[in-house]
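Just so it is clear, none of the values below were taken in a lab; they were calculated from the coordinates. Being a predicted model, the structure only gives us computed values, none of them experimental. Methodologically, a virtual Cβ is constructed for each residue, glycine included, from the backbone with ideal geometry; neighbour enumeration extends over all protein chains shown.
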Amino acid sequence: MAVLGVFAVPGPAAGEVSTGAVGDELSARAAAEFVEGFVPAQLERYRIPGAAVSVVAGGERVLATEYGLAEVASGRLVDAEETAFAAASVAKVLTAAAVMQLVEDGAIELDTDVNAYLDFEVEDDFPGRPVTVAHLLTHTAGFAVRDSGTAAADPGDVRPLGVHLAEELPERVRPPGERAVYSNFGMALAGYLVERRSGLPFDRYVDDNILRPLGMDRTTFTQPTPSRVHEGEAVGHRLVDGRHVPAEGARYGHMPPHGAGFRTTAADMARFMGAMLDGGGGILRPDSVEQMLSRQFANASGTPGMGYGFQEYTRGGQRLLVHRGSIPGSFAVLALIPERRIGIYASYNGGEGGAADSAWDLVDAFADRFAPAGAAPGAGPRTATPSEAEEYAGTYLAAQIGDTVDLGRLAGLTNTVAVTAAPDGTLRTTGAVGWGPSQPRRWHPVAPGLFREENGHQTIRFGADGSLATGNPVQPLHRLAWYEHPHLHLGVVGAGLAVLAAAVPGWPLARAVRRLRNRPHRGPWLASVPGWAAAVLCLASAASVVAMFADFEGTQAAFFLGTSPLLTAIGILPPAAVPATVGAAAATVLAWRNAWWTRAGRIHHTVAVLACAAYLVWAFAYHVPALP
């Protein structure tokens, strides 16, 4: 067993492989050399406690190995055969496989309206364009996004899948089949179809029809985690003051098919990868696997698309089928290269900022080593005029953030993408575009609207409607109008809060000064109370939001759970400020009509009320009060 402590010995930087030539045959020895040359350095660089990795070739496992600690506090080591990690959304590929089994049996048809199988109804918001099963498997159903309140700290708090889905059914924000935007709810609904059409709970169906036939004895969707899996389970960690501590909180969830409660080992995932690369491995027919791994939808030509459950990823023109998963304290990645019949899976239990993105470094290095494909296909760089490039300049926001109807909408304030045009017709992006870390990138035109990353492998395509398809098939972006720009919103809100911060002490101070000077209060002093209360409530609301995101690493579990004193405050303060602001506005009108207070006092009151109104408009637009 390969072992790496929490603080690893020095090695090559993550992303570098110290041994072997590019294009090696994927033997057990070559796989071991590759992983040993990459993962220890990855764990050291990002201070990841432990990891487990498996590699398959030709449908067979050639490597399953482990590094570091499954639990820092006890010093328990990772074991690739026995240690189950929380692989989160990697579970979605198993959910898709379960759906495809029922498609084979004739119990589900991919192009059928999901309402034909449900015991509740998805609203017909777009007549003639129902949500189908295929839409769920390709993230194209068009549901709004809501993640708050989807997790549970205790398995006893987990709601039945159908009950949760029926009661938390999100609105449909676009017609199905128009755009692939990542949707946990959509995949959970696909899993519920498995329940409905098989007559078995989802976890039982997967256990009987996928896990047992493949010998995946240390994998489960069941909540609470069965003892055979829980005994060796890896603990998720986060860093607090330089120390690894358990990432408490969101261990379970109400929607297991999207990954809540999913636990698996590297050895077990090698068995699943082997089945996908070996014509189904007895759990699916070859044509069903081909459907899962084939492109079924893409946001734009020239960019990666979706299979059923799997996402396309390109590297040097080589097509990979991948899925990543992440929850507080754990992350994992699975990547298949069907043309070479090889694949890699890795899971980790923590790390500092950027650790989760390093999973893509592993996938990239694996593809470069064992499946180099040379230059990307298609036309080479072309010359574009500055005016042509300028056409695409602007600020873009991920559609998933725009679709969000809970507190996660606030991510739009800091996660925009700036696209600027250079005089030579190239583009520069700043922000998260496609896979990998958020960093500046340069893009060269290769066709009208299509650009390729400089010294990279991803492509982006601009649409006439202001859309931007990226290298991530479920992360399209759209261009923001000037009045939608978050910097403008932050500027207005910041100015308003500065006014309120000055106004709150201004009211009692002015009254105290008048008393000292024995000057009578012109007008009823009680009329100023609603304004003072509205200002206090708005300031308290803003402070609660800042407190939430100042330590989101520590509070994100509460976000997914949907319950904490801080979240309660965030949810109730803006609605509480509304009647106070309305009362203050009414008092303002009366003050000007009846000449209450001094002119300066009336101006002060008016500006404070406008500041409260501006903050509340912003808060509701960004779904600050939205609670599950």
> Can you give the FRET efficiency for Glu178 and Arg599, using 1/(1 + (r/R0)^6), R0 = 56 Å, r = Cβ-Cβ distance, to the nearest 0.05?
Replying inline: 0.55
>> Please list, by residue number, every one of the GluC sites (Glu not before Pro) in segment 309-364 that is coil in DSSP and has at most 15 other beta-carbon atoms within 10 Å.
In response: Glu339, Glu352
> Remind me, relative contact order of segment 386-480 in percent, using alpha carbon pairs under 8 angstrom and six or more residues apart?
Replying inline: 26
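How much length is gained on full extension from Glu484 to Asp424, taking 0.36 nm per residue of separation minus their Cα-Cα distance? If you can, show how the numbers build up before the last one.
Values: separation 60, 0.36 × 60 = 21.60 nm, distance 2.89 nm.
Extra length available between Glu484 and Asp424 comes to 18.7 nm.
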> Using only helices, what value at 222 nm comes out for the chain when you add -39,500 (n - 2.57) per DSSP H run of length 4 or more and divide by the total residues, to the nearest 500 deg cm²/dmol?
Replying inline: -11500 deg cm²/dmol
> For the Cα atoms of the chain, what angle does the longest principal axis make with the long axis of helix 529-550, in degrees from 0 to 90, nearest 10?
Replying inline: 20
> For segment 391-469, taking Cα atoms only, what is the radius of gyration to one decimal and the Dmax to the nearest whole Å?
Replying inline: 12.9, 41
> Between Ala498 and Phe552, what is the spin-label point distance in nm, taking each point 7 Å from the Cα along the Cα→C-beta axis?
Replying inline: 2.5
>> Can you give me the angle between helix 599-621 and the longest principal axis of the chain, using Cα atoms only, in degrees from 0 to 90, rounded to the nearest 10?
In response: 20
> Under 18 Å from the 7 Å Cα→Cβ point of Arg212, by amide nitrogen: which residues of segment 77-112?
Replying inline: 98-99, 101-102
> Working out 0.36 nm times the residue gap between Gln439 and Leu566, then minus their Cα-Cα distance, what length gain in nm do you get to one decimal?
Replying inline: 42.5 nm
>> Compute the helix-to-body angle for 358-370: its Cα long axis versus the longest principal axis of the chain, expressed 0 to 90° and rounded to tens.
In response: 30
> With charges only on Cβ, +1 for K and R and -1 for D and E, what is the dipole size of segment 486-621 about its Cα centre, in debye, rounded to 20?
Replying inline: 1120
> Exactly which trypsin sites (Lys or Arg not before Pro) in segment 28-109 are in a DSSP loop and have at most 15 other Cβ atoms within 10 Å?
Replying inline: none
> How big is the charge dipole of the chain about its Cα centre, in debye rounded to the nearest 20, if each Lys and Arg gets +1 on its Cβ and each Asp and Glu gets -1 on its Cβ?
Replying inline: 3100
> Relative contact order (percent) for the chain, with alpha-carbon contacts under 8 angstrom and 6 or more residues of separation?
Replying inline: 15
> What is the calculated FRET efficiency for Arg243 to Glu391, with r their C-beta to C-beta distance and R₀ = 35 Å, to the nearest 0.05?
Replying inline: 0.10
>> Around Thr429, under 10 Å between beta carbons, what's the net of Lys plus Arg minus Asp minus Glu among the other residues?
In response: +2
> How many percent of Cα pairs in segment 28-370 exceed 29 Å?
Replying inline: 35
>> In the chain, if the dipole is taken from +1 on Lys/Arg beta carbons and -1 on Asp/Glu beta carbons about the Cα centre, which of Leu200, Ser564, Ala542 is farthest to the positive end?
In response: Ala542
> List the GluC sites (Glu not before Pro) in segment 86-189 that DSSP assigns to loop (not H, G, I, E or B) and whose Cβ has at most 12 other Cβ atoms within 10 Å. Which are they?
Replying inline: Glu121, Glu123, Glu171
> Given a cut-off of 48 Å, what percent of all Cα-Cα pairs of the chain lie beyond it?
Replying inline: 19
>> Between Ser74 and Asp157, how high is the FRET efficiency from 1/(1 + (r/R0)^6) when r is the Cβ-Cβ distance and R₀ = 30 Å? Nearest 0.05.
In response: 0.70
